Amino acid sequence: MSNHSEFLWYIPNDVKAGHRGDSAVENHSSLDTLTSHARALEEHGWKGALIGTGWGRPDTFTVAASLAARTTTFEPLIAIRPGYWRPANFASAAATLDHLTGGRVRINIVSGKDNLAAYGDSEGEQAHRYGRTKEFMRLVRRLWTEENVTVAGEHFRVAESTVVPRIEIRGDRRHPQFYFGGASEAAERVAATDADVQLFWGEPLDGVRERIGRLKGLSRALDRDLPPLEFGLRITTLVRDTTEQAWADAEAKVAEMARGKGVGWHDHQRALAVGQQRLLDLYERGDVLDDNLYTAPGKFGGGGAGTTWLVGSAADVARSLRKYQDLGITHFVLSDTPYLSEIKRQGDQLLPLLRD
């Protein structure tokens with residue numbers, strides 16, 4: 001496996017305890033508890049973690065900044081929505097955090113539906129939404145890499161804008177990377193021209209292969225003027241000491257989801273995006289696809305990265321992740337619950353097999 005792969009985890013960032021079957025500990029969302037997760041990630045071989053976003057959850061940027069201040073190598077992948085921020089304010093906030101942390105910031109741009117009225121946004125239909133997302137990413141990147149930027153776009157305007165502090169170029173890294181999800185045609189056109197990393201949810205290998213091919217073709221057709229698009233996989237990995245134990249635990253967990261009607265699992269079900277629908281359609285092809293991609297969670301409330309799980313021993317799961325890597329995936333965002341104990345287990349058992 002090439003050493004260029006990066007392995008991140010997930011920090012749930014939710015006021016409600018028990019996210020996706022997590023153990024409901026007291027003060028689960030306190031700074032001390034979240035810091036214990038971030039420090040465990042540092043100690044067990046992880047690069048950092050995706051921090052979830054959504055109206056009704058703690059502010060992701062604030063959580064990320066707080067965790068970055070309490071760690072030394074932890075890199076937050078900060079999920080944000082263009083509707084939350086004006087581009088220049090965001091470019092400045094991210095540049096400041098990048099400066100203060102010595103270049104540890106990553107950004108996940110989310111375009112999916114949210115509770116728009118609650119924060120005063122009036123995002124239109126899909127074309128408007130992705131048009132705005134594209135303009136946001138393009139403008140923020142210019143603010144990070146140019147000075148005295150003047151833009152009068154359809155959605156945003158700035159005049160003679162110079163963001164300080166300036167982002168320090170570190171090797172090949174000119175600025176924080178933009179990760180981006182989305183499986184609709186509109187989303188793929190934005191990713192092909194303006195994202196740095198396209199994140200996929202846990203689809204079977206054939207689906208990911210097809211989408212990578214399509215995105216590479218779109219990048220050429222639309223005259224992408226950035227370094228080549230990179231690809232990432234956001235998926236649940238259920239790892240146990242043996243294959244048998246892993247499947248026993250996976251089936252027990254799904255039975256528990258079925259009993260509870262998926263409460264606490266489906267934080268992506270408000271409006272079914274194209275990518276989510278693709279995942280939910282998978283269980284019609286069978287409960288287990290490829291070698292060990294478990295689709296049953298999607299029947300019982302699993303949403304987003306909790307819809308499909310790679311299940312098995314560390315060796316089983318590593319073998320499956322290597323197959324994704326052979327397709328061109330270089331960014332992995334893994335997780336399972338309880339989050340804290342699995343950071344340690346998978347960091348110690350799974351990551352060494354992926355670094356050989």
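Observations, loosely collected:
- Angle in degrees between helix 205-221 and the longest Cα principal axis of the chain, rounded to the nearest 10: 10
- Scaled radius of gyration (Cα, divided by 2.2 N^0.38 Å) that the range 188-309 gives: 1.19
- Scattering profile of the range 18-117 at q = 0.16, 0.19, 0.24 Å⁻¹ [log10 I(q)/I(0), Debye over alpha-carbon scatterers]: -0.73, -1.00, -1.38
- Applying the criteria of a DSSP loop state and at most 16 other Cβ atoms within 10 Å to the trypsin sites (Lys or Arg not before Pro) of the range 144-250 yields R166, R174.
- At 1.567 mPa s and 4 °C, Stokes D of the range 58-147 from Kirkwood alpha-carbon radius, µm² per second: 93
- Among A159, A246, A40, the largest mean-square fluctuation in a Gaussian network model of the chain (Cα springs under 10 Å) belongs to A159.
- Debye intensity ratio in log₁₀ form over the Cα atoms of the range 110-154, taken at each q of 0.17, 0.26, 0.29 Å⁻¹: -0.59, -0.96, -1.05
- Gyration tensor verdict on the range 97-204 (Cα atoms; rounded if a/c is under 1.5, prolate if a/b is larger than b/c, oblate otherwise): oblate
- Cα-Cα over 30 Å, subset of K47/K253; K216/K253; K16/K344; K16/K134; K113/K261; K216/K344: K216/K253; K16/K134; K216/K344
- Average Cα contact separation per residue, the chain, under 8 Å, 6 or more apart, as relative contact order %: 20
- Measuring max minus min along each principal axis, the C-alpha atoms of the chain give extents of 62, 44, 42 Å (largest first).
- Ordering of 198-208, 345-355 by packing is 198-208, 345-355, highest average first (other Cβ atoms within 10 Å, averaged per residue).
- Once the convex hull of all Cα atoms in the range 205-259 is built, its volume per residue stands at 127 Å³.
- Dividing the summed helix terms, -39500 (n - 2.57) for each DSSP H run of n ≥ 4, by the number of residues in the chain produces a 222 nm estimate of -12500 deg cm²/dmol to the nearest 500.
- Applied to the range 183-197, the Karplus parametrisation 6.51 cos²θ - 1.76 cosθ + 1.60 on θ = phi - 60° returns per-residue 3J(HN,Hα) values of 10, 6, 4, 4, 5, 5, 5, 5, 4, 4, 9, 10, 8, 9, 9 Hz, with x for Gly and Pro.
- Each residue of the range 318-332 was assigned a 3J(HN,Hα) from its phi angle through the Karplus curve 6.51 cos²θ - 1.76 cosθ + 1.60 (θ = phi - 60°); the sequence is 4, 4, 5, 5, 4, 5, 5, 5, 4, 7, x, 6, 10, 10, 10 Hz, with glycine and proline shown as x.
- Centre separation in Å (Cα based) which lies between the range 285-356 and the range 141-191: 32
- Residues considered: G312, G171, G328. Largest GNM mean-square fluctuation over the chain, using C-alpha springs under 10 Å, is found at G171.
Computed from the coordinates by the stated procedures, all read-outs in this text should not be read as laboratory data. Note that the structure is a prediction, hence the values are computed from the model and not measured. Positions of Cβ are backbone-derived with ideal geometry, glycine not excepted, and every protein chain shown enters the neighbour counts.
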